[in-house]
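This report concerns only the one structure given below.
The values are calculated or read from the model by the stated rules, or taken from the named source; none is laboratory data. Quick caveat: nothing in here was measured; it's all calculated off a predicted structure. Cβ: placed from backbone, ideal geometry, glycine included. Neighbour counts: every protein chain shown. For accessibility, only protein heavy atoms count, side chains too; no ligands or nucleic acids. Shrake-Rupley method; radii C 1.70, N 1.55, O 1.52, S 1.80 Å.
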Amino acid sequence: MKSYEDTVKIEQLKLNGRQTRKQFHSLEKEERFFDLFLQGDPACLELAQEFDDFDDSDLANGDILRSRKNKLIVACAILTRRMINLGIDHQEMYLESDSWINLVEEKETEDQLKRLQQALLIHFLGLVQEHLHIHYSETVRRSMLYVRQNLTDDLSLKTIAKAVHVHPNYLSSLFKKETKIGLSEYVSQMRIDEAKIRLRYSPQSIRDIATDLGFSQPSYFTFQFRKTVGMTPTEFRETHLL
């Protein structure tokens with residue numbers, strides 16, 4: 001039961017928020033984020049960045065670092081519950097959540113927390129994607145996981161087939177049959193998704209991003225990016241500047 005002092009303090013904090021016209025993100029935007037996240041759509045990562053535009057420095061009596069930690073812990077808890085509701089094993093998700101929260105507490109700067117937040121979202125998104133692909137065969141799911149974990153390495157059909165211990169021809173046929181797209185197209189899609197993240201969140205040059213992600217020429221990277229996203233990498237970066 002709240003004490004009288006607690007009640008007064010809460011009302012004072014609420015009043016201060018009204019007087020300073022504290023702004024919060026819209027419920028519609030939050031639900032849009034979860035819709036994308038629970039569909040395994042990497043576009044949710046871009047939307048998540050917009051939530052940081054709202055002031056949360058008073059979530060720990062003015063301690064900005066503590067405020068950021070509190071915010072990330074709450075986000076981790078909410079994502080964990082949503083993923084459990086999606087059907088992901090609750091025991092595993094609680095272990096995931098506890099591990100990430102412990103990492104949050106270890107960080108000592110806002111920069112470290114920002115990088116950890118991005119890593120958390122990408123990791124949780126990967127778990128959702130794996131879960132949504134549960135109806136695929138073990139071979140196809142292992143292929144997808146290998147691709148996502150090795151985007152900067154050689155991802156030829158032969159290399160992926162060797163990693164999942166099947167013949168290249170068999171993997172190519174099976175992947176196309178189950179996913180309705182070719183394995184090389186899937187690799188390209190995943191690399192473009194990674195490129196979008198780097199273009200927005202890293203200072204890497206477009207040439208370096210293209211080279212890192214296995215595109216033979218920056219011009220070919222630009223062609224594939226425009227074909228998938230509808231704009232060039234330069235236009236995307238300019239449009240999504242932080």
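Some observations on this one:
- Count - residues of the stretch 118-132 that are open to solvent by less than 40 Å² (accessible area, probe 1.4 Å) and of a type outside the set (A, V, I, L, M, F, W, C): 3
- Options Ile192, Ile181, Ile197, Ile206: the member that is exposed (fewer than 13 other Cβ atoms within 10 Å of the Cβ), modelled with pLDDT under 95, in contact with a helix residue (DSSP H, G or I) (Cβ under 9 Å, 6 or more places away or on another chain) and of a type in the set (Val, Ile, Thr): Ile181
- For Gln129, the stated conditions hold: it is part of a helix (DSSP H, G or I), in contact with a Lys or Arg (Cβ under 9 Å, 6 or more places away or on another chain) and in contact (Cβ under 8 Å) with a residue 24 or more places away in the chain.
- Cβ pairs under 6 Å, 6+ apart, first in the stretch 166-192 and closer than 27 Å to Leu45 by Cα, second open to solvent by 70 Å² or more (accessible area, probe 1.4 Å) and not in a helix (DSSP H, G or I): none
- Failed item in (1) more than 22 Å from Gln118 (Cβ to Cβ); (2) surrounded by 15 or more Cβ atoms within 10 Å (Cβ to Cβ), with Lys162 passing the rest: (2)
- Listing of helices (runs of 4 or more DSSP H) fully contained in the stretch 185-242 that carry 1 or more residues being in contact with an Asp or Glu (Cβ under 9 Å, 6 or more places away or on another chain): 206-212, 218-229
- Residue that is farthest from the chain's Cα centre (by Cα), among those in the stretch 173-204 that are over 18 Å from His135 (Cα atoms) and polar (S, T, N, Q): Ser184
- Number of residues in the stretch 210-242 that are in contact (Cβ under 8 Å) with a residue 60 or more places away in the chain and either more than 22 Å from the chain's Cα centre (by Cα) or more than 19 Å from Glu185 (Cα to Cα) (or both) equals 2.
- Residue list for the stretch 213-242, filter: open to solvent by 80 Å² or more (accessible area, probe 1.4 Å) and among the small types (Gly, Ala, Ser): Ser216, Ser219
- Test: residue in the stretch 100-113 that is crowded, with 16+ Cβ neighbours inside 10 Å, under 17 Å from Cys44 (Cβ atoms) and in contact (Cβ under 8 Å) with a residue 40 or more places away in the chain: no
- Lone unmet requirement of (1) in a helix (DSSP H, G or I); (2) modelled with pLDDT of 90 or more; (3) out of contact with any Phe, Trp or Tyr (no Cβ under 6 Å at 6 or more places or on another chain) for Met144: (2)
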